[in-house]
Amino acid sequence: MPKPQKSAKARGNEERVPSGIPGLDNLMEGGFIQNDIYLVTGGTGTGKTLFCCQFLWEGLQRGENGIFFSLEEIPEDVLSDAMDFGWDFQKYIDQKKFIMQYYDPFEMVDITTEVKEMIKKFNAKRIVIDSTSIFGMFLQNEQEIRKAIYNLIKALKGIDAVVLMTAEVLEGSKRLSRYGVEEFVVDGVILLNYLGVGELSSRSLLIRKMRRTNHGKESYILDITKSGMTIS
């Protein structure tokens, strides 16, 4: 296993955590900021879960424990899709360095306390919550949904980890998430886009927001190769 490399330092001496996405760290002063929470958002099929898996895999190669909280896909599907890129998460599950925690959206209650306690107990340094859009399946109205998402994000602020949360952008919506609250509470927003015209298709990445970071402002080409995502 490669030895963990020293994280880059940005303005204010914030510790930077490498994303694992080739080409991305150069666009955000060396990587994500330790202790911050980021939203990875986009329409259906834009690669949000893949992005998050690549981030977690990078951490495991650096000796950092990780947790994937799935509120949507069953673990077997996520693990199988990851194997297509050569990422054997099961090996790290067996070594007790990685947790794949699934919550049935039809049986969910308030998971905030359980999630926070699990992160601390496991000493996880990289966290993924996929996806906040599922909150609408067990809460009665949009006000309750927004409150639950807000409380979850605020509860995770200050933990010694980088948290990625995914959200879905509805077709034609001007929001950056289904419920329009996540993007205002998190520290950064990465928007993934997919454009398919006939037999042609293209993917792109846009950093819409990143606090305390002089990040790239343009839309960048996002490629998916046999070893994962890359930015060009």
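Structural remarks
- For the chain, calculated [θ]222 nm from helices alone, where every DSSP H run of n ≥ 4 adds -39500 (n - 2.57): -7500 deg cm²/dmol
- Identified option (computed semi-axes √(5λ) of the Cα gyration tensor in Å; candidates [x] 23, 22, 19; [y] 27, 22, 16; [z] 45, 19, 14): [x]
- Region 96-193: GluC sites (Glu not before Pro) in DSSP coil with no more than 14 other Cβ atoms inside 10 Å: GLU107, GLU171
- Longest site-free stretch - the chain; sites: trypsin sites (Lys or Arg not before Pro), DSSP loop, at most 12 other Cβ within 10 Å: 7-95
Every number in this text was worked out from the coordinates using simple rules, so none of it is lab data. Because the structure is predicted, anything quoted here is derived from the model rather than measured. Every residue, glycine as well, gets a Cβ built from its backbone with ideal geometry; the counts of neighbours run over all protein chains shown.
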